[in-house]
Amino acid sequence: MNTSELLSELRRLDVRVEARGDRLVFNAPSGILTPEWREKLQSRKQEILDFLASAQALARQQPAIVPLNARGTRVPIFAVPGHNGDVFCYRAFSAQLGPDQPLYGLQPPGLDGASQPLEQVPELAAYFARQVRATRPEGPVIIVGFCAGGGIALELACQLRESGVPVALLAVFGSPFPKAYRFWSMTRIRLLNAWRRLGVHARAAFDGSSGGVLRYASERIRSVRAAHARQREEHAQVVADPVLALRRKVEDTTLRALVAYEPRRFEGRGVQFVPNAQWRAIGDFGRPWRRVMGEYSEFEGPESCTGENILLEPHVQRTAAEFEARRQA
């Protein structure tokens, strides 16, 4: 019988258990706590105390705060995920930073089925800020954002700083500048990507024998059909799975919020992690961050690094090392 089952059995017997410091206090009907029960409880005293302490800590936990590593003595990191709200995108990054680095994911509302996604970036940042202050009222803190979470992290850092919480560093990983999500910016980015793909396809089609064009065209048709089939399958999965449907709703709401957001200037130290040179060039994703960070630095990854894998193997080790170097600068 594990600790949870043991306490459940005690509740069934109407026995109430309370931890007072290093003591266990029991409130039980007469005759329930037999000598056998008392011996069992005494032998598992520390186990029960630890379990109750963990349960109390969980009860106090702020709903947005997901501890990826709650241990350690260094300045804690509060991490805003991408537009889908998945805080576990930081799991490998947290592991690279080591056991002495506390790192907490910030999960947006709307994923639990009981709350609704917030529709404005300042509103979502304020929701996170309240819970960061409750967890670390005097600071300092480090705020990071991944992908679409970069714009939310920027607003969060500004709000925390204005409320008196020192923000030691703001870092964004593969984060398009918030204005990149607006219609004309996205149209320009799509056109640039299409032009680049057209060049790639043209070179591939006309390399080789005269029959290469037909073979390449046939392969492209099969590839496009397969991509459309995958999209239909993914849509069917979202419709059938309530968890995926909630995630899709959070994604759509977050992107709409970023379209409407007017970025503010963070008067502190900031660093941008650019996946690669090509990522920077498409849509001018990177350069505007310089204008909204008081003290700016950046890291540019190799060609194989992308906005999707910057926090994953094999690139997360280098990303973490560069992050450590810049936080100590």
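In the neighborhood of residue 292, defined by Cβ-to-Cβ distances under 10 Å, what is the net charge if each Lys or Arg adds +1 and each Asp or Glu adds -1? List each step's numbers first, then the result.
Details: positive: 264, 265, 290, 291; negative: 267.
For residues surrounding residue 292, the net value is +3.
Only loop residues by DSSP count here, and only those with at most 14 other Cβ atoms within 10 Å; note down the GluC sites (Glu not before Pro) in the stretch 275-327 that meet that. Working shown, then result.
Values: sites: 295, 298, 300, 303, 308, 322, 324; in loops: 303, 308.
When the GluC sites (Glu not before Pro) of the stretch 275-327 are filtered for loop state and at most 14 Cβ neighbours within 10 Å, 303, 308 remain.
Based on Cβ point charges of +1 for Lys and Arg and -1 for Asp and Glu, what charge dipole magnitude is obtained for the stretch 15-165 about its Cα centre, in debye rounded to the nearest 20? Mind dumping the intermediate values first?
Values: 15 positive and 14 negative charges, 103 e Å.
My answer is approximately 500 debye.
Please give the contour-minus-distance gain from residue 318 to residue 281: 0.36 nm per residue of separation, less the Cα-Cα distance, rounded to one decimal in nm.
On the way: separation 37, 0.36 × 37 = 13.32 nm, distance 2.17 nm.
Length difference between fully extended and current span is 11.1 nm.
Show me the GluC sites (Glu not before Pro) within the stretch 43-132 that DSSP assigns to loop and that have at most 15 other Cβ atoms within 10 Å of their Cβ.
Working: sites: 47, 119, 123; in loops: 119.
Counting only loop positions with at most 15 other Cβ atoms within 10 Å, the GluC sites (Glu not before Pro) in the stretch 43-132 are 119.
If neighbour count is taken as other Cβ atoms inside 10 Å, put 167, 66 in order from fewest to most. Walk me through the numbers on the way to the answer.
Details: 167 24, 66 17.
Neighbour counts put them in this order, fewest first: 66, 167.
³J(HN,Hα) across the stretch 165-182 via Karplus (A = 6.51, B = -1.76, C = 1.60, θ = phi - 60°), whole Hz, x for Gly/Pro?
Here the 3J(HN,Hα) series is 8, x, 10, 5, 6, 10, 10, 10, 10, x, 9, x, 4, x, 5, 5, 7, 6 Hz.
Among the aspartates and glutamates, which fall within straight-line cross-link reach of residue 40, defined as a Cα-Cα distance under 20 Å, with same-chain neighbours fewer than 8 residues apart omitted?
Reachable aspartates and glutamates: 5, 9, 14, 18, 22, 50.
Using a Cα-Cα cut-off of under 27 Å, which lysines could be cross-linked to residue 179, ignoring same-chain neighbours fewer than 8 residues away?
Result set, ordered by chain and number: 249.
Among 7, 29, 42, which residue has its Cα furthest toward the positive end of the charge dipole of the stretch 3-59, with +1 on Lys/Arg Cβ and -1 on Asp/Glu Cβ?
It is 29.
Values in this text are rule-based calculations from the coordinates and carry no lab data. It should be emphasised that the depicted structure is a prediction, and the values quoted were computed from it without experimental measurement. Note that each Cβ is placed from the backbone with ideal geometry, even for glycine, and that neighbours are counted across all protein chains shown.
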